Amino acid sequence: MFDRLFGRKQPLEGTELPVIRNVTLGRTVTVDPLAWRRFGDELLFPFDRDTLVIVAQGLVDLNEGGFVHRFYTDDDIMFQAVSNDRAGQDVTDVTIFAPWDSAYPSSAAQRPAWKNRLKARSFTAEGLPDYHRVWFGPEASEQEPVTFWEDIHDDRDGIVDRRIFQTCMLFGRDLPGEDGRELLLAIDQENEAGDVSFEIMLGMALELGEFRA
């Protein structure tokens, strides 16, 4: 899903890769599958194993004091942690996402149409029910998506191997139970070579006690 770009980048200031509750590039994360199995057939989340071997690590600076830390497997499962600090010591949110669909636009007209879907109050796609906007709330009929650059590392040398610009919105739908919610992350992404793709990922929130590395 995230295409490698040829060529190396120069190290940026403060390049030591964060370690988030012992999770970092090169390690194996064990997750508790009961976090999603308890919802049974109500869940569409396309993932059902208990280990993640981390082969790439991403970092997003939200420019408002927050950071998104992303850890990828070789089949594009994404383990994500949000923290108030770059080092990831103050974690506020942990989720796991799995790819649902990936498409490459065949014409320039498809990209504005896709971005308009990200602005809507709800989102659906083939084989999926309606998911309602989580970020910013459902009040506005349209809401501008979130945009950011993600710096991705394929090894621990501190050099950014590739950068991807993303426009995305988070949606969700309630599941049976007091705290059940399945997440949908809809993404327009473009790498530095100008390659564009549309991504849909389904995910679940994790408690801090539901994973270890």
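Take residue 148 and tell me if it is part of a strand (DSSP E or B), within 19 Å of residue 108 (Cα to Cα) and open to solvent by 10 Å² or more (accessible area, probe 1.4 Å). Judged against the criteria, residue 148 is not a match. Across segment 195-213, the qualifying residues are those that are more than 27 Å from residue 126 (Cβ to Cβ) and open to solvent by less than 60 Å² (accessible area, probe 1.4 Å), and the one among them that is nearest to the chain's Cα centre (by Cα) is 206.
If only residues of segment 179-194 that are among the charged types (D, E, K, R) and part of a loop (DSSP other than H, G, I, E, B) are counted, the one that is surrounded by the fewest Cβ atoms within 10 Å (Cβ to Cβ) is 179.
Residues in segment 38-90 that are assigned to a strand (DSSP E or B) and either surrounded by fewer than 16 Cβ atoms within 10 Å (Cβ to Cβ) or not hydrophobic (A, V, I, L, M, F, W, C) (or both): 51, 53, 57, 58, 61, 69, 70, 72, 80, 83.
Filter segment 27-37 down to residues that are under 16 Å from residue 180 (Cα atoms) and among the hydrophobic types (A, V, I, L, M, F, W, C) and give me whichever is most open to solvent (accessible area, probe 1.4 Å). Within segment 27-37, the match that is most open to solvent (accessible area, probe 1.4 Å) is 34. More than 21 Å from residue 165 (Cβ to Cβ) and loosely packed, with under 14 Cβ neighbours inside 10 Å: does that describe residue 24? For residue 24, the condition - more than 21 Å from residue 165 (Cβ to Cβ) and loosely packed, with under 14 Cβ neighbours inside 10 Å - is not met.
The values are calculated or read from the model by the stated rules, or taken from the named source; none is laboratory data. Fair warning: this is a prediction, and the values are worked out from it, not measured in the lab. Positions of Cβ are generated from backbone atoms using ideal geometry, with glycine treated the same way; all protein chains shown enter the neighbour counts. Only protein heavy atoms, including side chains, enter the accessible area calculation; ligands, DNA and RNA are left aside. Shrake-Rupley method; radii C 1.70, N 1.55, O 1.52, S 1.80 Å.
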